[in-house]
Amino acid sequence: MGKNNTGFSWLLKMAWRDGKASYGKLLLFVFSITLGVAAVVSVHSFSRLLKENIASQSKALLGADYVIESNKPVNDKVMGIMDSLGGADAREINFSSMAAFPGHNGTKLVEVRGVDDGFPFYGALETKPVSAAHNLSTGRALVDATTMLQFNLKVGDSIKLGAVTLPIGGALENVPGSTSVFGAIAPPVLIPFRYIEATGLVQTGSRIDYKYYFKADESQDLTLLNETLEPVLDAEDADLDTHLSEARRLGRRYENFGKFLNLVGFIALLLGCVGIASGMGIYVQMKVKSIAVLKCLGATKRQSYLIFFVQIACMGIIGGLLGTTLAYFLQQLFPLLLGDLLPVEVGITLSFQSMVLGISLGLAMSILFALYPLMKTLYVSPLQTLRVVQEPQSRSKWATTAVGLGIVLFVFCFSFWLLGDFMRALFFVLGLLVVFLVLTGIARLFMGMLKKFFPHSWSFIPRQSLRNLFRPQNQTLVLVLSIGIGTFLISTLYFTKDMLLEKAAIEDSANSANMILMDIQSQQVEVVSQTIEASGIPVIDKIPIVTMRVAALNGKPVEAIRKDTTSQVGRWILNHEFRVTYRDSLIRSERIIAGDWVGKVDSDTDVPISVSNSFADMAKVTVGDPVVFNVQGRLMNTVVQSVREVDWNRLQPNFSVVFPAGVLEKAPQFGVMTTRTKDDLGSAQLQQQLVAQFPNVSILDLKRILNLLEDILGKIGWVINFMAFFSIFVGVAVLMGAIYSSKHQRVKQSALLRTLGAQGHQILQMIAIEYAILGFLGAFMGVVLAVLGSSLLAYILFDTTFAPSWIPFAIILPAITLLVFALGVGNSIGVIRNSPLTVLKKEKE
Amino acid sequence: MSKILKVQNLSKTYRSGEHDLNVLNNVSFEVDRGETFAIVGPSGSGKTTLLGLCAGLDTTDAGEIWLCDHNLFDLDEDGRARLRNENVGFVFQDFQLLPTLTALENVIVPLELRGVKNASEQGKELLAKVGLKERSGHYPSQLSGGEQQRVALARAFANKPSILFADEPTGNLDDETGTKIEDLLFELNKEQGTALVIVTHDLDLAKKTDKSIRLRSGKIEETVA
């Protein structure tokens, strides 16, 4: 007796023959994989393209090869270094200030950028008219295009910056070095460098950035230059950025968001795979007789297994291919959704790498998730052809464990590849497992409870519906899982966005500020205060600010700490110019977490200060540690008396370092004032009056910032929601797959019930009740899990109490329940439309 | 004449709830090559179980079965599957055609499993022989019961089997169609020299065979030669 002589081609042939007759069911599996793969590949590919585009346009983004910058005038040593590099090719001084537009009754906080001729060396100043870019040297200002529109400004109108009034040469559409996010708060205004001093805006306390742009030779090693000069410049409170490091920094900023979106997409793919696993289970169950016949005719266990394995592998490849193609079209939408949040234009291409990723992902995921249900084919007895044989013995335990471990391992490895961080990947997989296990547990518990406490006294229709929820091959588990995860994702994203916005929101009380006035010189404080109050608007806070730098920590000078390669102290602590305030009490956004608050002292020796917990962490100091500050040339010894936890998310002035009253009153300082205007008109009038009288004072309208924040979160939220909706789409595909796969059983049952006298509307009622319960249970568990997950996020990440919004309960929950109900009932109408005989005959096909 | 099937002291017990059910008890018989053989008996007498065991679809508890000179006890499941592919044909009461395959595809599965090159041509010839040449592209659901059983017959004889097991081959058919199928079955038996083992309630059909046994409660009650 020889071996049977079939090869792979026969398996392919049989898979194709069987597949073409079952294409309806298989199409739904392919659809699930396609959507899941599209979600992952689109985000992954777009993130990669964005990174590549940033890298390829890095010079144009910076406008130069490298830049040396400082937030104070550079000293002779830095000048010497720059001279040794051949001298800067262009200079820039920039700061935020109020701009007035004479004749247009408007004022606005802008970013004034005084630049030398020739800048930028790479990229271009995009202006309207185009020639305006060349008019900068002729003494004209280039004003942000949106601001021009907002104030109805035209070329030739004037802009007043401090003491200088310049004609507007054109609208500025794009300029290297200005980000669109910051640009929305303080849009850029370019003026010739030579006018900066004449504005009179470079004063004590003004936050001014000095930049020196350089062009490099093609052969110059910028990385080496950075490594060589960075420590020297650090010591002089200056910094060197190359176009390469700038691109990396910018890339990282978008990378994190991309990683997060990748995970959302990956969850959609996993969801699709859960659908495949469950659908495959039902599919194989339907094929038991055919497998038995094949075995009867001489097919081996391996052959009958491989026929379906080949089918699922082909579906994985087709799903992967279609998913990658869909991903290409989806990527075209991202720039539209994200708008000007993207730093560069991204050219979308369908890369070979994306194709490989999509196909391998589709193949690997579909095979992994189908392995377990496919194992059933191994245990089908050929005796099934002669009689109904008891359900085959349970699958081998080691094989089940191996498949389970394989899935977890693959999910972990893929998450690790996406995130590049072991612990994050581990937490993601664990979190996912918890959600899966909780939903599975709930579904099983629900079925168990239903069986145990079955309402035998109810009428026939609801009883039959409830029985459907725990009958063999029921859909309860797979639907609760897919609907639950989809709803969980969407609701969690909604709650998180809500939390972020609420944290930033201006409290609607008379005591909370909606406008912050900055850069008020100490001699102006009283006059500005009087001006505000004379307009009938209250001054809520007058906050004095003294600038200083850290000179020593725990007795070790900063120069020594910089040289110590083992030091863990953050560079921000050593290089930053701190804006410090003094007061006798805590404010609402702070609470003491270590030590004691001291509000007032009489002596300036060993001053008891309070630092924020982030300052303490980065400076490696705790209560009782000495810190020496350089207060504009004078060294001041202090001791950390308390550590505060600060809620930085509140839109109000917060401080890393707070001195007690009684020490800094005589130090050179400037002021910040907060006020609350009643309406937009009052706000505009006050701003105009203040800018006319005090041109150096900058005004931050918190309402506008909040609107901007809402806009940014809205755009990001769109993309996140878009990806989350993908999970729902996948959930719908899974749902349809589950409905379709179990249709034959439902049809048979319904036809038998109709034969026994049940009417069409009664059967439809049964189906309707079943899907309404499944939809509600899945969606409700999803929202409940989202509330728990968001509470955890609120506690761990946002440090706030979480009050869930009613929207997921009032809109998402009923909407998803209704969707499941409609899909379930819609797909089952065919069951009652035809006569029982026709239905049963058709079902045999 | 050499024996194609030898059954010696065969017993089979199934577990039914808390109890053991003795379905076959010490059954022995032999079938010669090319011989026609019927197994008759009332429902529950163990006919189908005996057929399944003889064809290697299930395993025995006690006794021995020699099929085409192979002791089934020595073969694993895949070994028994190969033996069936090379030597055995099947006809079932409910036809057992693969619903997702066309008539032709159903017929050629055993040929393809053996790696026969011109399986399709042979399949078409077989379908022509059973009078279904024109319906080779139809799916089972598009065929009548009699047509489906004819396709099953074509499939059963595709590999020119040494022995064919038929489980109530006319049980689901009307008298007229049933008779046609019986005739076709015996015609093919004669033409190819295939031994026939038929399980049936139909005593008229049993009378047409060379030999028969009557089972009752798992034991041979009568042997008719």
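The values are calculated or read from the model by the stated rules, or taken from the named source; none is laboratory data. Remember, predicted model here, so these are calculated numbers, not experimental data. Methodologically, a virtual Cβ is constructed for each residue, glycine included, from the backbone with ideal geometry; neighbour enumeration extends over all protein chains shown.
Odds and ends about this structure:
- Checked against (1) closer than 30 Å to A:Asp625 by Cβ; (2) modelled with pLDDT under 90; (3) not in a loop (DSSP other than H, G, I, E, B), A:Gln524 meets all criteria but (1).
- Selection of first residues in region A:557-584 that are touching a residue at least 24 places away in the same chain (Cβ under 8 Å) and within 30 Å of A:Lys600 (Cβ to Cβ) and of second residues that are among the small types (Gly, Ala, Ser) and in a loop (DSSP other than H, G, I, E, B), restricted to Cβ pairs under 7 Å at least 6 apart or on distinct chains, gives the following pairs, ordered by first then second residue: A:Phe578/A:Ser656; A:Asp584/A:Gly599.
- Helices (runs of 4 or more DSSP H) fully within region A:1-92 counting 3 or more residues that are surrounded by 20 or more Cβ atoms within 10 Å (Cβ to Cβ) and more than 14 Å from chain B (Cβ to nearest Cβ): A:23-56, A:58-62
For (1) within 12 Å of chain A (Cβ to nearest Cβ); (2) small (Gly, Ala, Ser), each residue gets a yes or a no:
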| position | (1), (2) |
| --- | --- |
| B:Ser28 | no, yes |
| B:Phe37 | no, no |
| B:Pro42 | no, no |
| B:Thr49 | yes, no |
| B:Cys54 | yes, no |
| B:Gly63 | no, yes |
| B:Leu67 | yes, no |
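- When region B:69-87 is limited to residues that are at the interface with chain A (Cβ under 8 Å from one of its Cβ atoms) and among the hydrophobic types (A, V, I, L, M, F, W, C), the one that is surrounded by the most Cβ atoms within 10 Å (Cβ to Cβ) turns out to be B:Ala81.
- The sole residue among A:Leu378, A:Leu361 that is more than 30 Å from A:Glu246 (Cα to Cα), within 14 Å of chain B (Cβ to nearest Cβ) and of a type in the set (A, V, I, L, M, F, W, C) is A:Leu378.
- Failed condition for A:Gly275, given (1) assigned to a loop (DSSP other than H, G, I, E, B); (2) in contact with a Phe, Trp or Tyr (Cβ under 8 Å, 6 or more places away or on another chain): (1)
- Criterion violated by A:Leu664 - all others in (1) in a loop (DSSP other than H, G, I, E, B); (2) within 39 Å of the chain's Cα centre (by Cα); (3) closer than 23 Å to A:Asp519 by Cβ; (4) among the aliphatic types (A, V, I, L, M) satisfied: (2)
- If only residues of region B:104-129 that are more than 12 Å from chain A (Cβ to nearest Cβ) and buried (at least 23 other Cβ atoms within 10 Å of the Cβ) are counted, the one that is nearest to A:Val284 (Cα to Cα) is B:Gly123.
- Candidate set from region A:654-667 (those that are more than 11 Å from A:Arg583 (Cβ to Cβ) and touching a Ser or Thr at 6+ places or on another chain (Cβ under 7 Å)); member that is surrounded by the fewest Cβ atoms within 10 Å (Cβ to Cβ): A:Asn654
- Breaking point among (1) hydroxyl-bearing (Ser, Thr, Tyr); (2) over 20 Å from the mean Cα position of the chain (by Cα); (3) over 30 Å from B:Phe157 (Cβ atoms), for A:Ser290: (3)
- Residue pairs meeting the criteria (Cβ under 8 Å; at least 6 apart or on separate chains; first of a type in the set (Gly, Ala, Ser), in region B:160-181; second surrounded by fewer than 17 Cβ atoms within 10 Å (Cβ to Cβ)): B:Ser162/B:Arg33; B:Gly171/B:His201
- Answer from A:Phe46, A:Phe95 - the residue that is touching a helix residue (DSSP H, G or I) at 6+ places or on another chain (Cβ under 7 Å) and not hydroxyl-bearing (Ser, Thr, Tyr): A:Phe46
- Residue among A:Pro472, A:Pro455 that alone is modelled with pLDDT under 80, assigned to a loop (DSSP other than H, G, I, E, B) and either of a type in the set (D, E, K, R) or at negative phi (or both): A:Pro472
- When each of A:Gly114, A:Gly170, A:Gly103 is tested for being out of contact with any Asp or Glu (no Cβ under 8 Å at 6 or more places or on another chain) and either surrounded by 15 or more Cβ atoms within 10 Å (Cβ to Cβ) or not hydrophobic (A, V, I, L, M, F, W, C) (or both), the lone residue that passes is A:Gly170.
- Of the residues screened, B:Leu97 is not one that is more than 26 Å from A:Ser22 (Cβ to Cβ), crowded, with 23+ Cβ neighbours inside 10 Å and of a type outside the set (S, T, N, Q).
- Residues in region A:139-167 that are crowded, with 17+ Cβ neighbours inside 10 Å, among the β-branched types (Val, Ile, Thr) and in a strand (DSSP E or B): A:Val143, A:Ile159, A:Val164.
- Members of region B:189-206 found to be in a helix (DSSP H, G or I) and touching a residue at least 40 places away in the same chain (Cβ under 8 Å), listed by number: B:Asn189, B:Leu203, B:Leu205, B:Ala206
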